[in-house]
Amino acid sequence: MEASKALQMGKAIHSLILEPEKFKKEFTFIDFEERPVKVNAKGGVADYRTKLNADWKQNQMDAAQIQGITLLPSKEDYEAILQMGEAVKTNKAAAALLKECKNEEVIQWTDPESGVKCKAIVDFHNIEKRMNGDLKSMENASPYSLSTYMQKWSTHVQLAFYSDGLEQIHKVPFNTSFIIAIEKKAPFICQPYFVDEEDIEHGRA
């Protein structure tokens with residue numbers, strides 16, 4: 001359940017920052033305060049164990065699925081996403097990196113060495129600056145935590161893959177990579193990082 005929530009939240013922050021118009025159309029939440037029954041038979045707070053509330057919630061979920069809308073777990077989670085987005089937008093370094101970038105672009109190419117057909121979705125890149133990068137939502141955006149995260153999830157491999165794909169498509173080297181890390185909890189610290197060429201070469205290897 002937690003993994004599913006983490007995936008939802010990750011997709012939501014990507015959408016809000018990189019495709020804001022898409023976020024407005026494809027993400028919302030079930031507002032607990034709007035449930036039809038507020039008080040249960042014992043005078044306490046009626047939750048989704050109350051049949052009317054359970055049916056109401058299921059109807060909301062069914063309607064969202066039909067419309068292709070992702071329901072975030074709660075209003076609080078939705079508001080957290082908005083605050084994360086604001087933290088990225090108001091970070092001058094992050095805003096500068098994202099300025100005039102193409103976001104969430106699907107690229108396809110054939111690896112020249114192996115002949116393998118490749119495909120990727122690049123979070124953001126700028127052809128003129130020959131730069132690409134990744135947006136990561138994390139528990140902790142400190143340098144040490146990012147280093148541990150990169151080792152665990154091979155982020156340097158992912159960025160090398162993006163760089164090589166972009167180079168094959170645009171016929172120019174993409175030799176600059178960044179990670180924009182944003183924390184999932186208040187105060188929602190945002191910290192951009194430059195990923196040096198040594199790390200990218202290691203990822204490529």
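The values are calculated or read from the model by the stated rules, or taken from the named source; none is laboratory data. Since the model is a prediction, treat every value here as computed from it, not as a measurement. Cβ: placed from backbone, ideal geometry, glycine included. Neighbour counts: every protein chain shown. In case anyone asks, the SASA skips ligands and DNA or RNA and just uses the protein heavy atoms, side chains included. Shrake-Rupley method; radii C 1.70, N 1.55, O 1.52, S 1.80 Å.
For the range 155-184, what are the residues that are out of contact with any helix residue (DSSP H, G or I) (no Cβ under 9 Å at 6 or more places or on another chain) and in contact (Cβ under 8 Å) with a residue 12 or more places away in the chain?
Answer for the range 155-184, where residues must be out of contact with any helix residue (DSSP H, G or I) (no Cβ under 9 Å at 6 or more places or on another chain) and in contact (Cβ under 8 Å) with a residue 12 or more places away in the chain: 162, 165, 166, 168, 169, 170.
Residues checked against (1) open to solvent by 40 Å² or more (accessible area, probe 1.4 Å); (2) farther than 19 Å from residue 136 by Cβ; (3) in contact (Cβ under 8 Å) with a residue 12 or more places away in the chain; (4) of a type in the set (D, E, K, R):
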residue: 15; (1), (2), (3), (4): no, no, yes, no
residue: 42; (1), (2), (3), (4): yes, yes, no, yes
residue: 49; (1), (2), (3), (4): yes, yes, no, yes
residue: 58; (1), (2), (3), (4): yes, yes, no, no
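Report whether or not residue 154 is under 30 Å from residue 77 (Cβ atoms), open to solvent by 10 Å² or more (accessible area, probe 1.4 Å), touching a strand residue (DSSP E or B) at 6+ places or on another chain (Cβ under 7 Å) and small (Gly, Ala, Ser). Walk me through it before giving the result.
Working: under 30 Å from residue 77 (Cβ atoms): yes; open to solvent by 10 Å² or more (accessible area, probe 1.4 Å): yes; touching a strand residue (DSSP E or B) at 6+ places or on another chain (Cβ under 7 Å): no; small (Gly, Ala, Ser): yes.
So residue 154 fails the test.
Out of 78, 162, which single residue is open to solvent by less than 20 Å² (accessible area, probe 1.4 Å), closer than 28 Å to residue 24 by Cβ and among the hydroxyl-bearing types (Ser, Thr, Tyr)? Don't jump to the end; show me each part of the working.
On the way: 78 fails: open to solvent by less than 20 Å² (accessible area, probe 1.4 Å).
Result of the check over 78, 162: 162.
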inquiry  = One residue is enough: does the range 193-205 have a residue meeting the conditions touching a residue at least 24 places away in the same chain (Cβ under 8 Å), open to solvent by 30 Å² or more (accessible area, probe 1.4 Å) and β-branched (Val, Ile, Thr)?
reply    = no
note = Filter the range 120-141 for residues that are closer than 22 Å to residue 204 by Cβ and without any contact (Cβ under 8 Å) to a residue 40 or more places away in the chain; the one that is surrounded by the fewest Cβ atoms within 10 Å (Cβ to Cβ) is 121
query = Restricting to the range 3-31, what's the tally of residues that are over 20 Å from residue 63 (Cα atoms), assigned to a helix (DSSP H, G or I) and acidic (Asp, Glu)?
reply = 1
message = Condition (residue is open to solvent by 60 Å² or more (accessible area, probe 1.4 Å), acidic (Asp, Glu) and more than 19 Å from residue 104 (Cα to Cα)) applied to the range 21-29: is it met by at least one residue?
response = no
